[in-house]
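First comes the structure, then the notes that go with it.
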Amino acid sequence: MRRREFVKLLGGAAAMWPLAASAQQAVRRIGVLSNIGESDLEAQSMVTALHEELRKLGWIDGRNLRVDHRWAAGNPERAIAFAKELVALKPEVIVGHTTPSVIALQKQTDTIPIVFVQISDPIGSGFITNLARPDGNITGFTNFEASMVGKWVELLKDMAPGVSRVAFLFNPQTAPYVTRYYQGPLETSARSLGLQPSASPVHDAREIESAVIAFSREAGGGLIVMPDSFNIVHRNQIIALATQHRLPIISPYRFMAEEGGLMA
C-alpha cells in the first residue's frame, strides 16, 4: 500500500467536514484500527503520513481533531475488542487497515462511516456489493487484484529459474480471502509454467517455522508470501527462515524486499 494514497483517501473524507472559523470549534474524532503492530516501522510511517496530510487540510490532532489508534498486531480477537472500543467512542469516521480490522468493525456498526485500506476482495469479503458505487457505510480502495498473483509466480520463476515448486504462505484467520480470491489464478499460472503449487496455511510463529522447514526439504522450492497482515507482523521470521533454507521469496510488499526478501 502506498502511504500517500492512504492519506489522500482519508483526507478526502475529512475535507467534507465543515471547517468553522470559530476558536471554539468542536473537536472531531477519527478512529484507526490496524492489524499490524504499533512499533512496526511501516505502521509509524503510515501514522506520520496520515497526520501530516490531515494537518494540510486544517485538521490537527490535539487541537480540532482527536485520532484514536488501535493496533491488533495480527490477532483477530484483539481486533474485535478494539473495534468495540472505537465504535463506543463514536468517531466521525473509522479507518480499517487490512481485512481483519474491517471484518471486526463491520460487526460493530452499520452507521459510522468506515474507510478501508489495503484490502483484498472487498466484494467477496462482504464489505461492499459494487466497486464503482459502494453502498452502506463502508467504502475505500483495494490495491490487490486477483490476477496479480499470476505475475508474482512468473517473476519468481524468471528470477529463480531453478524453482519447480511454489508454496503460498497465509493465515486463514487473517486472510480468509486467499483460497477463494487468489488460489485459482496462482495455481493456473504455476501449472502453466510447469510448477507444482501448494498451500501453506499457518496460524502462529511455530507453524511458520514448521511449514518453511518442511517445504525446504525438497529442492526447487520458492515461497510466495500472500497479502496478509499476519505475514507483515511475522515478516522478520519468514525472511530469516527463507534465507536460512535458501528459498527464493516474493511478496507484495516492497519493505519485505528491502528487509531481505528476494523481490516484491
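Worth pointing out:
- Verdict on residue 114 being open to solvent by less than 20 Å² (accessible area, probe 1.4 Å) and either under 19 Å from the mean Cα position of the chain (by Cα) or touching a residue at least 12 places away in the same chain (Cβ under 8 Å) (or both): yes
- Note on segment 160-174: residues that are open to solvent by less than 20 Å² (accessible area, probe 1.4 Å), over 13 Å from residue 189 (Cβ atoms) and more than 25 Å from the chain's Cα centre (by Cα) amount to 1.
- For the criterion of being farther than 21 Å from residue 176 by Cβ, out of contact with any Pro (no Cβ under 9 Å at 6 or more places or on another chain), modelled with pLDDT of 95 or more and open to solvent by 70 Å² or more (accessible area, probe 1.4 Å), residue 85 passes.
- Unique residue being under 26 Å from residue 179 (Cα atoms), touching a residue at least 12 places away in the same chain (Cβ under 8 Å) and open to solvent by less than 40 Å² (accessible area, probe 1.4 Å) when the list is 101, 45: 101
- For first residues located in segment 123-140 and free of Cβ contacts under 8 Å to residues at least 24 places away in the same chain and under 16 Å from residue 96 (Cα atoms), partners that are open to solvent by less than 70 Å² (accessible area, probe 1.4 Å) and of a type in the set (A, V, I, L, M) and lie 6+ apart or on another chain with Cβ distances below 7 Å form the pairs 128/138; 134/128.
- Candidate set: segment 117-130, residues that are open to solvent by less than 30 Å² (accessible area, probe 1.4 Å) and hydrophobic (A, V, I, L, M, F, W, C); chosen: the one nearest to residue 214 (Cα to Cα): 119
- Filter result (part of a loop (DSSP other than H, G, I, E, B) and acidic (Asp, Glu)) within segment 137-165: 145
- Qualifying residue in segment 68-80 (condition: in contact with a Phe, Trp or Tyr (Cβ under 6 Å, 6 or more places away or on another chain), surrounded by 19 or more Cβ atoms within 10 Å (Cβ to Cβ) and not in a loop (DSSP other than H, G, I, E, B)): yes
- Pick from segment 131-159, criterion farther than 30 Å from residue 221 by Cβ and modelled with pLDDT of 90 or more, ranking: least open to solvent (accessible area, probe 1.4 Å): 138
- Within segment 63-106, the set of residues being within 20 Å of residue 228 (Cα to Cα) and among the charged types (D, E, K, R) comprises 70, 77, 78.
- Some residue of segment 213-224 being at pLDDT 95 or above and either of a type in the set (S, T, N, Q) or touching a His at 6+ places or on another chain (Cβ under 6 Å) (or both): yes
- Of all residues in segment 53-67, at least one satisfies being assigned to a strand (DSSP E or B), more than 27 Å from residue 173 (Cα to Cα) and open to solvent by less than 50 Å² (accessible area, probe 1.4 Å).
The values are calculated or read from the model by the stated rules, or taken from the named source; none is laboratory data. These figures come from a predicted structure and were not determined experimentally. Cβ: placed from backbone, ideal geometry, glycine included. Neighbour counts: every protein chain shown. Protein only, heavy atoms only, side chains kept; ligands, DNA and RNA dropped before computing areas. Shrake-Rupley method; radii C 1.70, N 1.55, O 1.52, S 1.80 Å.
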